[in-house]
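Okay, structure first, notes after.
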Amino acid sequence: MKTIDLFLVDDHEIFRKGLRLLLQEIPFVNIVGEASYGDEFLKNIEKTNPEVVFMDIKMPGINGIETTKKALAINPDIKIIALSMYGDEEHLQAMLDAGAKGFLLKNASKEDLERSILSVMNGKNYFSEDLISLLASLYITQKQIKEAEKEAPKFSEREVEIL
């Protein structure tokens, strides 16, 4: 199997180093760089040319959401997987809107890390199991909103003015 160049972005050194140790156990992973902050990653993106990035969301300076947008503007082929302790709708939606291909909670196993890398490299998305029900409810809610908009009566400008 071809090696996959990977970059780690997280402001917590202990977590980042632990993650690196886990990833080094995966034979097809080649860690090409690490950064503590979004700015630091963006300065090194062209030198290291990673294929996959594990991106923390909450960081000082440029957060993971903005860093993801800027990284994809530089290289649209990068596959970004969000890593966060926060598995809420706001962070999930923001990272997906920014262009992330996956979202893992920081309690992910080595197997989850491996599956997420392979999934995004094969053009798929990957999410922690804990997030699947949240994704399903987001999808259902968005679908219900679209259906409600279709069924809602359309008023003319004059009718709206009168109302």
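The values are calculated or read from the model by the stated rules, or taken from the named source; none is laboratory data. Only a predicted model underlies this, so the values are computations on that prediction, with no experimental measurement involved. Cβ placement follows ideal geometry from the backbone for every residue including glycine, while neighbour counts extend to all protein chains displayed. When the accessible area is computed, the model is the full protein with side chains, heavy atoms only, and any ligands, DNA or RNA have been set aside. Shrake-Rupley method; radii C 1.70, N 1.55, O 1.52, S 1.80 Å.
Going down the table (Lys2/Lys101; Lys70/Lys101; Lys2/Lys69; Lys58/Lys79), which pairs top 22 Å between alpha carbons?
Going by Cα-Cα distance, Lys2/Lys69 fall outside the 22 Å limit.
With every protein chain left in place, what is the accessible area per residue of the range 1-101 in square angstrom, probe 1.4 Å? Can you show the working numbers first?
Working: 4930 Å² over 101 residues.
Per-residue accessible area for the range 1-101 comes out at 49 Å².
In debye to the nearest 20, how big a dipole does the range 1-133 give about its Cα centre with +1 on each Lys and Arg Cβ and -1 on each Asp and Glu Cβ?
360 debye
Which order do the peptides 1-10, 116-125 come out in when sorted by mean C-beta neighbours inside 10 angstrom, highest first?
Sorting 1-10, 116-125 by mean packing, highest first, produces 1-10, 116-125.
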